[in-house]
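The values are calculated or read from the model by the stated rules, or taken from the named source; none is laboratory data. Only a predicted model underlies this, so the values are computations on that prediction, with no experimental measurement involved. Glycine gets a Cβ as well: all are built from the backbone with ideal geometry, and neighbour counts include every protein chain shown.
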Amino acid sequence: MKLGITCNYLWSGPPIAKIAKKIEDLGFESMWMGEHPIIPVSAANAERYGVPLPPNYRHMPDPFTSMAAAAAVTSKIRFGTNVCVVPQHDPITLAKTIATLDQVSDGRFIFGFGTGWIEEEPEVFGYPFNKRLGITLDYMRAMQALWTEDEASYSGEYVSFPPVLCNPKPVQKPHVPLLVGSGNDKTDNTAILKRVARIGDGWLPSFLSPAQMTEQLGQLRGFCAEQGRDYEALDISLIVPAISFGVGPLPPWGANAYDDLEPVNPQELLAEYQEAGVGRILIGLPDLEDDSAFDLLEEVAAGMGVT
């Protein structure tokens, strides 16, 4: 089982390069970052599934700049987005940014992509909230052309361009791995699973139990067969809060969500996820706000049996 770390790496917290080096030295396989380029003031009280918007969502640094800095001081860990909100970017410049990061990191980048959930954000970026999925898929097809064609052109509903030269290309071929970053334990994931089977190199949901993953990966296997896709080639990753494994402190936003947790053996739970078909667990940590982050990483590594 591959183990990665994900959390909010605050711009005001410890330097991202030092955190990345610590994560690598402790033996974790990967480091993951989300993004919200802005938070509209009107969305300050937004909620998702009854959970208020975490305060530090207002203090998320740019993931691509951060991961480039982290890549410069590491040699083994992989870097991923969980997730990049694709419709909030220009697809041409995003394609170049990702390809450059893949070059800088020597092929260590994984692109988890999504559509965004805060309804007030799209207006700031000039698109309707109800069009975010169509825009995302259109942009993804355009970026794949830019990554794989010497003289790329594209004609879509939301983006079009004539033949262009866009370099560098990603180190990884045909392009960086594309993980559909969507799905959780509170939604019907059928449409998401079909999307993974059509266009994804993998799936990155969150908070699903081993039993739920077993059931849903069975569905995904069937959808892949319908599409003529090799299910076994997919990267199946899952975000699970560290507290679910009984390691690390309770995140401040999870005071009610985890009241009913029972003690578990981390290695037994990891084995259950592996049996279900999960290849990578992203261990969700509380926000890294100060130098206590390094002690927390050591605590989690020891509790998960990484070191």
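Does any residue of the stretch 30-38 turn out to be farther than 28 Å from Asp138 by Cα and buried (at least 18 other Cβ atoms within 10 Å of the Cβ)?
Step one: list which residues in the stretch 30-38 are farther than 28 Å from Asp138 by Cα, which gives 30.
From what is left, the residues that are buried (at least 18 other Cβ atoms within 10 Å of the Cβ) are 30.
Yes, there is a match, as at least one residue in the stretch 30-38 is farther than 28 Å from Asp138 by Cα and buried (at least 18 other Cβ atoms within 10 Å of the Cβ).
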**OP:** Identify the residue in the stretch 243-286 that is aliphatic (A, V, I, L, M) and surrounded by fewer than 15 Cβ atoms within 10 Å (Cβ to Cβ) and, among all such residues, is modelled with the lowest pLDDT.
**Re:** Ala255
**OP:** Answer yes if at least one residue in the stretch 82-103 is free of Cβ contacts under 8 Å to residues at least 40 places away in the same chain, surrounded by 17 or more Cβ atoms within 10 Å (Cβ to Cβ), over 16 Å from the mean Cα position of the chain (by Cα) and over 30 Å from Asn45 (Cβ atoms), and no otherwise.
**Re:** yes
Original post:
List the pairs whose first member sits in the stretch 199-215 and is within 21 Å of Glu226 (Cα to Cα), whose second member is charged (D, E, K, R), and whose Cβ atoms are under 8 Å apart, counting only residues at least 6 apart or on separate chains?
Top reply: Asp201/Asp235; Gly202/Asp235; Trp203/Asp235; Thr214/Glu275
Subject >> Single condition Glu226 does not satisfy, out of (1) modelled with pLDDT of 95 or more; (2) in a loop (DSSP other than H, G, I, E, B); (3) over 30 Å from Asp106 (Cβ atoms); (4) not aliphatic (A, V, I, L, M) >> reply: (2)
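Is it true that Arg132 is basic (Lys, Arg), farther than 22 Å from Arg48 by Cα and touching a residue at least 12 places away in the same chain (Cβ under 8 Å)? Please lay out each step first, then the result.
On the way: basic (Lys, Arg): yes; farther than 22 Å from Arg48 by Cα: no; touching a residue at least 12 places away in the same chain (Cβ under 8 Å): yes.
The answer is no for Arg132.
Considering only the stretch 117-140, I want to know if a residue exists there that is basic (Lys, Arg), within 23 Å of the chain's Cα centre (by Cα), surrounded by 19 or more Cβ atoms within 10 Å (Cβ to Cβ) and farther than 30 Å from Lys2 by Cα. Give the derivation first.
The initial filter retains those residues of the stretch 117-140 that are basic (Lys, Arg), namely 131-132.
Those still in the list that are within 23 Å of the chain's Cα centre (by Cα) too: 131-132.
Narrowing the set further to residues that are surrounded by 19 or more Cβ atoms within 10 Å (Cβ to Cβ) leaves 132.
If we keep only those that are farther than 30 Å from Lys2 by Cα too, we end up with 132.
Yes - at least one qualifying residue is present in the stretch 117-140.
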**OP:** Could you please find all residues in the stretch 22-70 being in contact with a helix residue (DSSP H, G or I) (Cβ under 8 Å, 6 or more places away or on another chain) and of a type in the set (Val, Ile, Thr)?
**Re:** Ile23, Ile38, Ile39, Val51
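Looking only at the stretch 229-242, count every residue that is surrounded by fewer than 17 Cβ atoms within 10 Å (Cβ to Cβ) and either in a helix (DSSP H, G or I) or touching a His at 6+ places or on another chain (Cβ under 7 Å) (or both) and tell me the total. Steps first, please.
If we filter the stretch 229-242 for residues that are surrounded by fewer than 17 Cβ atoms within 10 Å (Cβ to Cβ), which is where we start, we get 230, 232-233.
Now restrict to residues that are either in a helix (DSSP H, G or I) or touching a His at 6+ places or on another chain (Cβ under 7 Å) (or both): 232-233.
Summing the residues that are surrounded by fewer than 17 Cβ atoms within 10 Å (Cβ to Cβ) and either in a helix (DSSP H, G or I) or touching a His at 6+ places or on another chain (Cβ under 7 Å) (or both) in the stretch 229-242 gives 2.
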